[in-house]
Amino acid sequence: MTLSQSTLDELVAAGVSVRTDPDVIETYSHDRSPAPYGLALAVVSPADTAQVSETMKWATRHRVPVVVRGAGSGIAGAATASDGCIILSTAHLNRILDIDAPNMLATTQPAVITAELDRAVAQRGLMYAPDPGSVEICSIGGNVATNAGGLRCVKYGVTRDSIAGLEVVLADGRIIRTGRRTVKNVSGYDLTGLFVGSEGTLGVVTEIDVRLRPRPVGLSPVIVGSFTDTAAAGAAVAQVMSANLEPELMELLDRRTLTLIDDFKHTGLEPDAGALLVAQTTGTSAIERAAVIAELFTTAGGFDVIVSDDAAEAEQLIEIRRLAYPAYEHAGAALVEDVAVPRSRLADMLAAVDEISARHGVTVASVAHAGDGNVHPTFIYERGLPEVPDEVMAAAEEVFRTAISFGGTLTGEHGVGVLKKRWLGEDLGADTLAVCHDIKGALDPLGILNPGKAI
């Protein structure tokens with residue numbers, strides 16, 4: 001598909017920034033995944049909701065596919081360009097519009113970086129709870145698109161649990177608002193929940209009302225324990241979670257991850273550890289609950305168990321977990337995957353990943369939001385290859401199907417994008433997938449929003 005300059009000039013006349021430089025298009029055409037991407041026609045950067053609406057009216061008029069792109073930190077291929085599309089960059093929609101402390105809400109545009117929002121509300125004694133591993137580079141809009149989770153989701157839930165309402169531009173340019181700035185709201189269908197996690201296939205999110213929480217005060221101790229293997233660590237997680245100790249985070253790193261982090265940053269992590277658990281408690285009785293978690297770690301076979309209530313040291317211990325993805329990328333090309341299973345099957349899932357890795361002869365390093373049963377097996381392979389090797393995709397496919405067989409799902413927080421779409425029917429079932437297609441058809445009858453992604 002080609003567009004004449006006069007057609008693009010219609011957007012320019014509406015005040016929308018339009019760039020057609022090949023280098024700019026290339027930069028915006030892919031995310032952090034190894035997913036293939038097509039040739040876009042232009043990058044457009046609306047300055048406000050009205051310009052987003054004009055862009056979508058234009059796209060509907062000319063039947064041009066639109067791929068919405070935020071920070072580009074996604075790892076499922078959801079924001080990759082398709083042939084003949086325009087890339088709608090939200091980069092100019094980057095302001096925190098309001099912090100409403102009495103109602104514990106904030107209103108933000110989609111390009112605001114997640115960590116920046118959290119730091120802004122911290123000045124009011126509040127917290128934005130979702131805390132993805134990429135918190136310093138990912139945007140709120142991207143979090144909404146994928147229903148991102150993160151380190152604190154074991155206590156506070158995923159992005160959907162922190163969204164009160166949205167402003168959304170539909171495929172035909174109509175602007176709607178979903179949700180309310182109230183604690184309770186049951187009017188109509190839950191459209192807010194529908195758009196969260198829709199990966200840009202149903203509308204363009206231009207404003208987000210987020211729910212805030214009181215920022216924990218007092219000591220927030222971190223508990224770290226080493227284990228001989230992931231099975232022992234998984235058993236410890238099960239004991240902690242069944243004891244109702246409400247950790248703020250409960251993260252697991254396997255041996256290969258620990259080795260790669262040490263290779264990357266020379267951390268001196270315990271070389272005998274087959275797995276490491278990192279937990280944190282906050283709020284009332286945090287010190288007492290941390291002591292019980294440490295005891296449960298030890299009972300489950302943990303060694304070198306430590307509890308730190310020094311704020312600087314605690315943050316350094318948590319930072320070890322955040323180093324996992326940079327360490328993977330330092331080691332080679334990385335296919336970062338994301339499955340979730342019932343917490344009772346966490347140890348089984350980790351053991352299955354190890355077995356699949358060995359049988360296929362591929363390198364797999366795993367971290368997990370262990371308190372949620374959300375495992376991120378990362379397949380590391382030779383950098384510079386034109387596509388993901390067949391043996392890596394075969395191993396990944398087996399991991400997906402194993403998670404589903406355990407009563408789990410293909411993705412807990414990264415989204416389906418393009419990399420997992422072929423297995424979605426097995427996850428959802430034919431009738432449920434058909435309903436998803438019906439919803440897509442109702443809101444985007446021309447199929448111009450992020451075609452070929454998510455469903």
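Compute the Rg to Rh ratio over the stretch 15-107 from the alpha carbon atoms, using the Kirkwood formula for Rh, and round to two decimal places.
Using only Cα positions, Rg/Rh for the stretch 15-107 is 1.05.
Given H placed on each backbone N at 1.01 Å, which residues far from SER17 in sequence or on other chains put an amide H within less than 5 Å of it?
Residues meeting the amide H criterion: SER45, ALA47.
Under the 0.36 nm per residue contour assumption, what length would be gained going from the current alpha-carbon distance of HIS266 and LYS184 to full extension?
24.6 nm
At 7 Å along the Cα-to-beta-carbon direction for both VAL217 and ALA312, put a label point, then send me their distance in nm to one decimal.
Result: 2.5 nm between the two label points.
Using only the alpha carbon atoms of the chain, find the Kirkwood hydrodynamic radius as the inverse mean reciprocal pair distance, in angstroms to one decimal.
Computed over Cα pairs of the chain, the Kirkwood hydrodynamic radius comes out at 22.7 Å.
Calculate one ³J(HN,Hα) per residue across the stretch 180-197 by plugging θ = phi - 60° into the Karplus curve 6.51 cos²θ - 1.76 cosθ + 1.60, and present them in order as whole Hz with x for glycine and proline.
Coupling constants for the stretch 180-197: 8, 8, 10, 5, 10, 6, 10, 6, x, 6, 7, 6, 4, x, 5, 6, 5, x Hz.
Got a sec? What order do VAL12, VAL52 fall in by accessible area at 1.4 Å, biggest, i.e. largest, first?
VAL12, VAL52
Between LEU3 and GLU295, what length comes free when the chain is fully extended (0.36 nm per residue of separation minus the Cα-Cα distance, one decimal in nm)?
Going from the current span to full extension adds 98.6 nm.
Note down the accessible area of THR257, probe 1.4 Å, to the nearest 10 Å².
Surface accessible to solvent at THR257 totals approximately 0 Å².
Kirkwood Rh, Cα Rg: Rg to Rh for the stretch 319-389?
A ratio of 0.99.
Provide TYR28, TYR37, TYR189 ordered by accessible surface of protein heavy atoms (probe 1.4 Å), highest first.
TYR189, TYR37, TYR28
How much length, in nm to one decimal, is gained on full extension between THR228 and ALA50, taken as 0.36 nm per residue of separation minus their Cα-Cα distance?
58.4 nm
I need the phi-derived Karplus couplings for the stretch 440-454: 6.51 cos²θ - 1.76 cosθ + 1.60, θ = phi - 60°, integer Hz, Gly and Pro marked x.
Per residue, the Karplus-derived 3J(HN,Hα) values read 4, x, 6, 8, 9, x, 8, x, 8, 8, 6, x, x, 10, 6 Hz.
Can you list residues whose amide H is under 5 Å from LEU105's amide H, if they're 5+ apart or on another chain and H is modeled 1.01 Å from N?
Amide H neighbours of LEU105: ASP100, LEU212.
Counting only DSSP beta bridges with both residues in the chain, what percent are antiparallel, rounded to the nearest 5?
Roughly 85 percent of the beta bridges in the chain run antiparallel, per DSSP.
So, with a 1.4 angstrom probe, what is the percent of accessible area on the chain that is carbon and sulfur?
About 52 percent, which is the carbon plus sulfur part of the accessible surface.
Amide H neighbours of ARG69 under 5 Å, at least 5 residues apart or on other chains, H built in the peptide plane: list them.
When sequence neighbours closer than 5 places are left aside, the close amide H contacts are LEU88, SER89, THR90.
Points 7 angstrom from Cα along the Cβ direction at ALA442 and GLU319: gap in nanometres?
Computed distance between label sites ALA442 and GLU319 equals 4.9 nm.
Compare the peptides 78-85, 113-120, 407-414, 355-362 by average per-residue count of other Cβ atoms within 10 angstrom and give them in order, highest first.
78-85, 407-414, 113-120, 355-362
For a quick check of understanding: with a 1.4 angstrom probe and all protein chains in place, what accessible area in square angstrom does ASP427 have, to the nearest ten?
40 Å²
Between SER242 and ASP100, what is the label-point separation in nm under the 7 Å Cα-to-beta-carbon projection?
With each label placed 7 Å out from Cα toward Cβ, I get 4.3 nm.
Under the Karplus relation 6.51 cos²θ - 1.76 cosθ + 1.60, θ = phi - 60°, what is the ordered set of whole-Hz ³J(HN,Hα) values for the stretch 367-373, x standing for Gly and Pro?
Rounded to whole hertz, the list is 10, 8, 6, 5, x, 9, x.
Given the whole protein assembly as supplied and a 1.4 Å probe, what does the accessible area of TRP423 come to in Å², nearest 10?
Spelled out: TRP423, probe radius 1.4 Å, area about 10 Å².
Can you give me the accessible area per residue for the chain, using a 1.4 Å probe, in Å²?
Ligands and nucleic acids excluded, the figure is 41 Å² per residue.
The values are calculated or read from the model by the stated rules, or taken from the named source; none is laboratory data. This one's a predicted model, so the numbers in the text were calculated from it and none came from an experiment. Heads up, the Cβs are rebuilt from the backbone with ideal geometry, glycines too, and the neighbour counts pull from every protein chain shown. Quick note on the areas: whole protein, heavy atoms, side chains included, nothing else; ligands and nucleic acids left out. Shrake-Rupley method; radii C 1.70, N 1.55, O 1.52, S 1.80 Å.
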